[in-house]
Structure formats: C-alpha cells, structure tokens
Amino acid sequence: MTALEWVTGLAYLIASTMFVVGLHLMRSPASARRGNLLSAAGMVLAIVATFVYAAVTFGGNWIGWTALAVGLALGGAFGAISARQVKMTDIPQLVSMFNAVGGGAAAAVAFADFVHRIAESAATGAGEGHIELTVSIPIVLDVLIGAITLSGSVIAAGKLQGIIPGKPIVFPGSRILNVLMALIAVAAGVLTIVLPPSALTLSVLLVAALAIGVLMVLPIGGADAPVVVSLLNAFTGLAVAMAGFVIDNQAMIIAGALVGAAGTILTLQMATAMNRSVLSIIIGGFGTGDTVA
Amino acid sequence: MFTNLALFVLSLLVGFEVISKIPSTLHTPMMSGANAIHGVVVAGAIVIAALADDPAGYVLTFIAAAFAAANVVGGYVVTDRMLKMFRKPDRPAADAPKAGQK
C-alpha cells in the first residue's frame, strides 16, 4: 500500500463517517441543517481525495480533464441555479430530476469503464478481452439500475410537475410490453457477462432498462409519485455502489449502500404515513388511493 | 474484492440502522439529503476522466461529470434551502405546510 493509497483511504473513512453522522443528525428538525452541512463537507473531502488520487495514479490527458471540468462546471451551475430559484412547491420534482441525473451518471461511469476495458484489451491483444465476473456483474447491475432510475425519475418529475397526467397511465398490452422489456434486459445482461465483452449488448441493456423505467412509473398515480421518487432514490444509491465496485472506489461503495438502505427505510415510512403499501404503489393502476381498479 | 463486498454489506446495515422513526415533515428533506449523498458518483466521473483516452471515453466523461455535478451541487443546495424553514425556534410545531407534503 503506497502512502497515497493510505491517505486516500483515510480521507474516504472520514468522509463516510461524516455521511453517516450527517444522516443521523437529519432525523430531528433542530439538528437537520447541521447534518446536511456536515455531509456536504464530507463530500468535498471525498471529491478532493479522489481527484488527487486519480491525477497522481492514472495521469490522464488534457482532453479527459477538460471534458471533466466543462461537465462539472455546466452541471454544477445548473444544479446550483435551479436549486436556488425553484419555487418551494416545485422542490419534489427538482429532487426527482437530481436523482435522475445521479442514476444516469452512475450508468455512464460503468459504461465508460466497460468501453475502456475493451479498448485496452484490444490494444494489448490480450486474448478476447475477458472481463472478470467481479467487474462485469456490477457493470451490468449498474447500467440496469442506473438507467431505470434515470428514465423513471424523469417520468415521476413530469407527473409531479403536471406535464405528464397524474392519473395512472395504463394502455392495452402494457403489462406484456413490460415483461418483454424485462426479458430483453435479462438476456442482454447475461450475454454481456458470458460473451466476449461488446458495447452492443450493454447498449441493448441500456435501452431496455430506460424503457422499463418509463413503463414502471407511468401506471403510478400522481399522489404516489413522492414515494416512488424516494424508492428510485434508494435505487440510485445501489447503482452508485455498483459503480464503486466497478472502479474499486470505497467512498462510492459506502455512500451508495448507505443511501440504498436508508432510502428504502424512508420509502417504507413515507408509504406508511400516507396509508399506502409500497407493493400496491409499485403494482400501480390504483389511482390516488381511494379507488379500486 | 472481498473487502469491498464486506464494506457494501456493513454500509447497508448502517443505512438501515441510522434512520429510525422520523417525523413526516422531515421525509422530503431527508430524501433530498440522501439524494445529495449519492452525488458521490462525481468521484466516479473523476476516475473515468483520468482513464479516458478515446472519443467514447471523453463523451461519457462529460456526461457523467455534468450529471453527477448537478446531482451533488443541486442536492445539497436544495436540501439546505428546505431545512432553513425549520429554523424557527418560537414555532417548533412544524405544522405549517412544507414543500412536498401531499
């Protein structure tokens, strides 16, 4: 273990502790704001540590760093401006959009790592470029979950905003289409793992997962949308943890798993508070809770 | 690898334990706060930026960076904005309509 790896690991440990304590403080109104700020400070630490580690260890080139800098500047500006200017009543749909892009980012990280590994093995001519299961399985899960949350959260935000009708949207054959997409996703996922790695099967998985996200949220009533946003939030946590496995980043594994679990508990509590069960919300088609389909 | 799996499982358990019963007025801020934490995916964008050496890598780096930055910056700012509303010590009843409570 090099000194840099040691320092990075220590920084991740401190950052993770700050995330956990921050979430803990958010349980009561009096300390909630402090908790959020503590968690934000942990985030700054984790990001700086990752930047130093990646720059020193991998080097990279100026195009990659420029793409990163421009992306961070544009995304960060969009996030800060929309978060400041949004009307208080429109906050849930904005959170849903932030959740959508988080899932998309996790899927993009896995996709980039996959493409990089293919190119690397082609350059060195090392066999057919087999990717070990401990990496290929998280890549597949990450793209699947990340893409579902990306499209699902956009639809949920649309329902909250009123762009998409709040009433459950069910069309003839939607269940069959759902099953079909699930089968395609499973087949593409399995083929990505067992065949020599190719971007084609992973792309098919990506498209099928995007369709599943849309089909999953469309039949859900607008009144249930906040619970669904919370559930998709937990999904994104898991996608980020999977991305952490892919690139061997402990901060992402810890924070992702933390959000995945905490988000699930939160979803159950939100559903209970609204006198709904998560299962009946997901099965959907029951409207706003007072009618039987 | 096994260390990572252990970290994953133990973090899940911590996540389950760290949230006990919370007041329903805090559901939306809590969700938003958790949403900001998974913005740590920006670390992933940094790593793939360092590894990128072809057009596909650059494009995916840009997408991941823009998405992740929106998630992490927007997530923390909007959560803080929501939580500012709770700083009214003379009125702790918190029955006032809060954003997102439907």
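The values are calculated or read from the model by the stated rules, or taken from the named source; none is laboratory data. Note that the coordinates shown come from a computational prediction; the quantities given were computed from them, not determined experimentally. Glycine also receives a Cβ, built like all others from the backbone with ideal geometry; neighbour counts cover every protein chain displayed. Protein only, heavy atoms only, side chains kept; ligands, DNA and RNA dropped before computing areas. Shrake-Rupley method; radii C 1.70, N 1.55, O 1.52, S 1.80 Å.
Below are the figures for this structure:
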quantity	calculated
Separation of the residue A:41 and residue A:275 label points, Cα + 7 Å toward Cβ, nm	4.4 nm
Projected area averaged over orientations for the stretch A:199-255, convex hull of C-alpha atoms, nm²	4.7 nm²
The stretch A:110-165: projected area of the alpha-carbon convex hull, averaged over directions, in nm²	4.8 nm²
For the stretch A:1-148, the fraction of alpha-carbon pairs in successive 10 Å shells from zero, as %	9, 23, 40, 20, 6, 1
Overall form of the protein assembly as shown per C-alpha gyration tensor (a/c, 1.5; a/b vs b/c)	oblate
Kirkwood estimate for the stretch A:135-248, i.e. one over the average of 1/r between Cα atoms, Å	14.6 Å
Two-site FRET efficiency, residue B:5 against residue A:120, from Cβ-Cβ distance with R₀ of 30 Å, rounded to 0.05	0.75
Relative packing of peptides A:268-280, B:63-75 - highest average C-beta neighbours within 10 Å first	B:63-75, A:268-280
The stretch B:28-86, relative contact order [Cα under 8 Å, separation at least 6], %	50 percent
In the stretch A:1-93, the trypsin sites (Lys or Arg not before Pro) that fall in loop regions by DSSP, at most 10 other Cβ within 10 Å	A:87
Residue with peak Gaussian network fluctuation, chain A [Cα springs, cutoff 10 Å], from A:73, A:147, A:182	A:73
Student exercise, chain A dipole from Lys, Arg, Asp, Glu Cβ charges, in Debye to nearest 20	920 debye
Percent accessible area from carbon and sulfur atoms, chain A, protein chains only, probe 1.4 Å	75 percent
Chains A and B, summed buried accessible surface - 1.4 Å probe, Å², nearest 100	7700 Å²
The stretch B:28-86: C-alpha pair distances exceeding 20 Å, %	35 percent
